Amino acid sequence: MTATGKRRAPCYGIAMRFLLPLAAASLALSACARDQGEYPSLARRPAERISGTAPVVTPPPEAPQPPAEVTGQLDGLVAKARAADAKFRAALPRAQALVGAAAGAAVASESWSVATVALADLESQRSQAMIALADLDALYAAEGIKQSDTTAIAAARDQVIAIVAGEDDSLNALKGRMRS
């Protein structure tokens, strides 16, 4: 009821609640749309048009081969890694037997200590292969800095990395058996 005693329509209050903020928002937005002449045009500019041709790309010069003394070292380093791997593979069955005997034994027991020494011997053989890998890495880096062709060095490195990865797998398996 109003002060005069007349009843208002029930939707009048709801309509006023929504129309008043809507009217305020439209006034605010219309203020933002004034002065359209102050903004730059969005039309395509001359600098944005496609013109001209791309420059011809010349291929880089072929990388020089590394010196003969470097390539001569590669076979020796791979042979050094293979010799270390042969010693590793020769010592592996003994270490496997000792680790098998020490499985479940108390830490610092006799069988555990003997198996640990056998694992240390295997790791020593692995370190000889790692020395060859480190030498190959040094050659690879030095020739890479000189921008020489490092394909032959990379191939030798890949061979030694495969040898070391196989040794790592064997060592990790034995160490896993020692923990259980």
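The values are calculated or read from the model by the stated rules, or taken from the named source; none is laboratory data. Just so you know, these numbers come straight off a predicted model, no measurement behind them. Don't worry about glycine lacking a Cβ; one is built from the backbone with ideal geometry, like all the others, and counts go over all protein chains shown.
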Taking segment 153-165 and keeping only residues that are surrounded by 14 or more Cβ atoms within 10 Å (Cβ to Cβ) and among the charged types (D, E, K, R), one is left with R157
Mind checking whether some residue in segment 48-61 is β-branched (V, I, T), modelled with pLDDT under 85, part of a helix (DSSP H, G or I) and over 30 Å from E167 (Cα atoms)? no
Taking segment 62-91 and keeping only residues that are under 29 Å from L139 (Cα atoms), among the hydrophobic types (A, V, I, L, M, F, W, C) and not in a loop (DSSP other than H, G, I, E, B), one is left with A68, V70, L74, L77, V78, A79, A81, A83, A84, A86, F88
Residue set V164, V117, V160; condition of a type in the set (V, I, T), closer than 30 Å to E62 by Cα and in a helix (DSSP H, G or I); output residue V160
I need the full set of residues from segment 66-96 which are polar (S, T, N, Q) and more than 31 Å from the chain's Cα centre (by Cα), in order please. Q96
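This table checks each residue for (1) among the aliphatic types (A, V, I, L, M); (2) over 28 Å from P60 (Cβ atoms); (3) at pLDDT 90 or above; (4) surrounded by fewer than 17 Cβ atoms within 10 Å (Cβ to Cβ).
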site	(1), (2), (3), (4)
D75	no, yes, yes, yes
A86	yes, yes, yes, yes
S109	no, yes, no, yes
T151	no, no, yes, yes
Among A101, A105, which is the only one that is touching a Ser or Thr at 6+ places or on another chain (Cβ under 8 Å), without any contact (Cβ under 8 Å) to a residue 60 or more places away in the chain and outside any helix (DSSP H, G or I)? A105
